[in-house]
Amino acid sequence: RIAAAGSLRQLDPKVAASRQLDLFVYGLADAEALGIASHSEALDYLQALGFKVNPERRRCANIDEVIAFVSEWHDKRPQLPYEIDGIVIKVDSFAQQRALGATAKSPRWAIAYKFPAEEVVTTLIGIEVNVGRTGVVTPTAILEPVRVAGTTVQRATLHNEDFIREKDIRIGDAVIIKKAGDIIPEVVGVVVDRRDGDETPFAMPTHCPECESELVRLEGEVALRCLNPNCPAQLRERLIHFASRAAMNIEGLGEKVVTQLFNAGLVRDVADLYCLTKEQLVGLERMGEKSAANLLAAIEASKQNSLERLLFGLGIRYVGAKAAQLLAEHFETMERLERATKEELMAVPEIGEKMADAITAFFAQPEATELLQELRAYGVNMAYKGPKRSAEAPADSAFAGKTVVLTGKLASMSRNEAKEQIERLGGRVTGSVSRSTDLVIAGEDAGSKLEKAQQLGIEIWDEPRFLQEINRGKR
């Protein structure tokens with residue numbers, strides 16, 4: 001995949017052509033607009049047009065046929081002229097796909113069955129302990145290099161202290177290695193029969209290898225953590241995360257440059273990036289005037305990023321890129337998000353209690369308040385710049401910019417149809433009533449949501465009023 005992506009980015013098309021790339025087409029955008037009702041029909045249509053689609057695909061009528069297909073290709077996998085790590089099983093009907101929907105990370109109408117990974121044996125030379133940006137201390141196996149699933153592996157994850165103890169993994173052991181999902185190397189177990197008595201048991205450190213703070217295990221967690229917020233390893237990893245492509249996307253500020261800046265004492269937190277000078281940068285190894293100017297320009301450009309990138313870059317626990325996008329769209333400014341209550345956060349689709357607790361805890365820290373004040377002073381944007389759902393709504397839409405909750409049963413349409421109508425007219429539908437809710441649509445047998453809306457004094461419409469506004473929006 002990485003080789004293919006790199007080939008496509010070649011500036012010289014002759015170089016890209018020389019790589020002999022090929023592909024199977026797996027989907028057709030807006031297929032239903034062409035009268036196509038299912039995924040299998042869309043693939044047949046693409047094939048008829050001359051596109052290359054996978055000839056081994058199969059439409060199965062029931063789960064028994066799916067299991068038989070998986071079993072068949074488990075045995076025939078080596079016969080393919082390309083590598084696969086499993087089979088994707090999809091609901092065929094587009095209508096059923098819509099009904100099933102998707103989570104923040106994946107569709108509910110498709111699942112990947114992974115074949116058992118290739119396993120090889122090599123020697124565990126040592127165990128290295130690393131500290132991540134959240135303070136989690138992770139043991140990593142240092143291995144005698146070995147070929148597995150197409151690449152040479154020298155390091156593999158050992159997860160945590162409990163994993164090492166349960167598997168009785170010792171330095172010097174012959175260990176079994178596989179790639180989880182054919183991607184991430186991990187130690188599966190030990191070949192006990194090959195022990196000769198020279199193997200050494202491993203014990204996790206009691207203190208952080210970077211700052212020497214005492215390591216703790218929080219209740220309900222298996223990982224050891226360094227709780228020192230000024231731990232050099234955590235500070236360094238936070239800077240790397242902040243500058244990463246999915247976060248603030250500061251080109252030229254990779255791991256090596258961050259480490260140089262940190263070791264030189266030029267940066268301690270992400271705000272320090274915005275007061276770097278060319279004179280400071282040109283003193284670093286392999287950093288000339290042009291490179292320094294380019295890096296400063298990239299840092300300056302990052303100030304204009306939309307709010308979701310900054311949110312993700314701050315490294316709030318449990319807040320990934322998707323959650324950051326949802327939060328930025330909903331609250332629109334950092335100030336509104338900082339003031340949001342737990343209930344208001346949970347009113348955002350896909351933001352659960354655990355994440356809401358983490359967000360409120362982050363903004364309650366004096367250090368977070370101070371950091372955001374510094375970033376504001378340096379001119380870092382704190383507002384959402386993406387498209388708003390109400391952008392295409394009629395100017396006089398009663399739903400534009402409003403957060404709406406549906407409760408009870410509507411006689412005229414399904415819940416999903418009502419949601420689509422509200423979003424078409426610029427509103428946002430959430431699943432629970434809170435102080436941030438602007439409007440509640442109450443159908444038959446409305447229950448606790450209606451009661452809560454009444455208690456909070458939120459505007460409530462019945463179905464006739466709802467239909468009236470929907471029809472008015474169509475004109």
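For the residues VAL120, VAL137, VAL146, the requirement of being closer than 19 Å to LEU227 by Cβ and in a strand (DSSP E or B) singles out VAL137.
Listed here are the helices (runs of 4 or more DSSP H) enclosed by the range 223-299 that have at least 3 residues being over 21 Å from ILE316 (Cβ atoms): 255-263, 278-281. Going through the range 65-98 one residue at a time, which ones are within 29 Å of the chain's Cα centre (by Cα) and not in a helix (DSSP H, G or I)? Passing the criteria: TYR82, GLU83, ILE84, ASP85, GLY86, ILE87, VAL88, ILE89, LYS90, VAL91, ASP92, SER93. One residue is enough: does the range 23-39 have a residue meeting the conditions out of contact with any strand residue (DSSP E or B) (no Cβ under 7 Å at 6 or more places or on another chain), polar (S, T, N, Q) and modelled with pLDDT of 90 or more? No, every residue in the range 23-39 fails to be out of contact with any strand residue (DSSP E or B) (no Cβ under 7 Å at 6 or more places or on another chain), polar (S, T, N, Q) and modelled with pLDDT of 90 or more. Taken over the range 330-345, the residue count meeting the criterion of being surrounded by fewer than 19 Cβ atoms within 10 Å (Cβ to Cβ), touching a residue at least 24 places away in the same chain (Cβ under 8 Å) and in a helix (DSSP H, G or I) is 3. Would it be correct to say that LEU284 is crowded, with 17+ Cβ neighbours inside 10 Å, closer than 22 Å to ALA233 by Cα and at pLDDT below 95? It is true that LEU284 is crowded, with 17+ Cβ neighbours inside 10 Å, closer than 22 Å to ALA233 by Cα and at pLDDT below 95.
Picking from residues in the range 296-329 that are hydroxyl-bearing (Ser, Thr, Tyr) and under 23 Å from GLU237 (Cβ atoms), the one that is surrounded by the fewest Cβ atoms within 10 Å (Cβ to Cβ) is TYR318. Here the range 147-158 is the region considered, the condition is being surrounded by fewer than 17 Cβ atoms within 10 Å (Cβ to Cβ) and either among the hydroxyl-bearing types (Ser, Thr, Tyr) or without any contact (Cβ under 8 Å) to a residue 60 or more places away in the chain (or both), and the residue that is nearest to ALA203 (Cα to Cα) is THR157. Those helices (runs of 4 or more DSSP H) of the range 395-475 that lie entirely within it include none in which at least 2 residues are of a type outside the set (Lys, Arg), surrounded by fewer than 16 Cβ atoms within 10 Å (Cβ to Cβ) and in contact with a strand residue (DSSP E or B) (Cβ under 6 Å, 6 or more places away or on another chain). Take the residues in the range 255-287 that are out of contact with any helix residue (DSSP H, G or I) (no Cβ under 6 Å at 6 or more places or on another chain) and among the hydrophobic types (A, V, I, L, M, F, W, C), then tell me which one is farthest from ILE299 (Cα to Cα). In this case the residue turns out to be ALA264. For the range 168-185, filtering for residues that are surrounded by fewer than 19 Cβ atoms within 10 Å (Cβ to Cβ), modelled with pLDDT of 95 or more and not aliphatic (A, V, I, L, M) leaves 3.
The values are calculated or read from the model by the stated rules, or taken from the named source; none is laboratory data. From a predicted model like this one, the values you see are computed outputs, not experimental measurements. Here Cβ is always computed from backbone atoms with ideal geometry, including for glycine, and neighbour counts include all displayed protein chains.
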